[in-house]
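A.B. asks: Next up is a structure, given as structure tokens.
Bear in mind that the values in this text are calculations on the coordinates, not laboratory data. All of these numbers come straight from a predicted model, not from anything done at the bench. Counting neighbours? That spans all protein chains shown, and the Cβs are built from the backbone with ideal geometry, glycine included.
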Amino acid sequence: MKISRIFTVTLGSLVLAACTQTTEQNAKPQEKHSHWGYTGHESPEHWGELSPKFRICGEGKNQSPVNITNAIDGKLSPIKMDYHPSNVEVVNNGHTIQVDFKDTTNVLQFEGKSYTLKQFHFHVPSENHIKGKSFPFEAHFVHADAQGNLAVVGVLYELKGDNQRLAPIWKNLPSKAGEKYTLETAFDPATLIPKKRDYYRFNGSLTTPPCSEGVNWLVLKNYDTIGQAQVDAFSALMHGNNNRPIQPINSRVIVE
Ligand SMILES: [Zn+2]
């Protein structure tokens, strides 16, 4: 019973987290949503105190991100990612740049279940670490199954030349919080997933308030690359970093 409860993170809470900025514009300030951020009194170490809805950010024992270390060999079965060129909307939600999918054709298959790609977004620097190492950039591909259970695929980036596969998004990044636009040409999210898909698997949470737990995390072992100018353009829009610090692993096991 406990297991099934743990896995009950609804897409609703994710959408709430992702849409805070947009929703705020329709609500009276301070009434429906609490502000949160990455600096000052709204910084990650205070998230749990900013609202009763965010309490798990401070009290949860299965929080993300984590330092991926001491993984045990779990003979993991391969994941399948069946992604296609799609119509997408690029949103600046004040906390990240997020690419939203309206259709349901992009599917992740994992442990016998199908999860639909809802959105992907970025963090600078990386949120997850591997064996104590931070990376300059990380993308999170957020999927939900029919019951609303979440599976997030994390892709870490190393610095190299500009990444041309990100260029269609970077060409016209929405500069202000709340701004969004529809990409004119179809975008294929498959271009952003490394060909080799060996992964680390662990249970965690949303890395933004309300920090809901029960999220299936799959972090790919193979990296992608990004240019320094692309990282700089992103962090300029975010007015700095947008990474939550590493959270205690507690009794969780990381499998590879
Ligand atoms: Zn994220």
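A.B. asks: For segment 68-108 and segment 203-256, write down the distance between their C-alpha centroids in whole Å.
C.D. replies: 13 Å
A.B. asks: Quick one: dipole size for segment 124-166, taken about the Cα centre, charges +1 on Lys/Arg Cβ and -1 on Asp/Glu Cβ, in debye to the nearest 20.
C.D. replies: With only Lys, Arg, Asp and Glu charged at Cβ, the dipole is about 160 debye.
A.B. asks: Using the Cα centre as the reference, give the magnitude of the dipole from point charges on the C-beta atoms of segment 185-255 (Lys, Arg: +1; Asp, Glu: -1; all else neutral), rounded to the nearest 20 debye.
C.D. replies: 300 debye
A.B. asks: Here's something else I'd like to know. Tell me, what ³J(HN,Hα) does each residue in segment 79-84 have, in order and in whole Hz, if you take phi through Karplus 6.51 cos²θ - 1.76 cosθ + 1.60 with θ = phi - 60° and put x for Gly and Pro?
C.D. replies: Residue by residue, segment 79-84 yields 8, 10, 10, 9, 10, 9 Hz.
A.B. asks: Could you pull out the trypsin sites (Lys or Arg not before Pro) across segment 183-223 that fall in loop regions by DSSP (anything but H, G, I, E, B) with no more than 12 other Cβ atoms inside 10 Å?
C.D. replies: Qualifying residues, ordered by number: 195, 196.
A.B. asks: Starting with the highest mean, order 207-220, 82-95, 132-145 by the number of other Cβ atoms within 10 Å, averaged over the residues of each peptide.
C.D. replies: The most tightly packed comes first, giving 207-220, 132-145, 82-95.
A.B. asks: Tell me, what is the percent relative contact order of the chain, built from C-alpha pairs under 8 Å that lie six or more residues apart?
C.D. replies: Relative contact order for the chain comes out at 28 percent.
A.B. asks: Here's something else I'd like to know. Rounded to the nearest angstrom and ordered from largest down, what semi-axes does the equivalent ellipsoid of the chain get from its C-alpha gyration tensor (root of 5λ)?
C.D. replies: Ellipsoid half-lengths, sorted descending, are 24, 23, 19 Å.
A.B. asks: Taking a threshold of 26 Å on the Cα-Cα distance, which of the pairs 131/195; 61/196; 133/171; 102/171; 75/113; 80/102 fall above it?
C.D. replies: 61/196; 133/171, as the Cα separations exceed 26 Å there.
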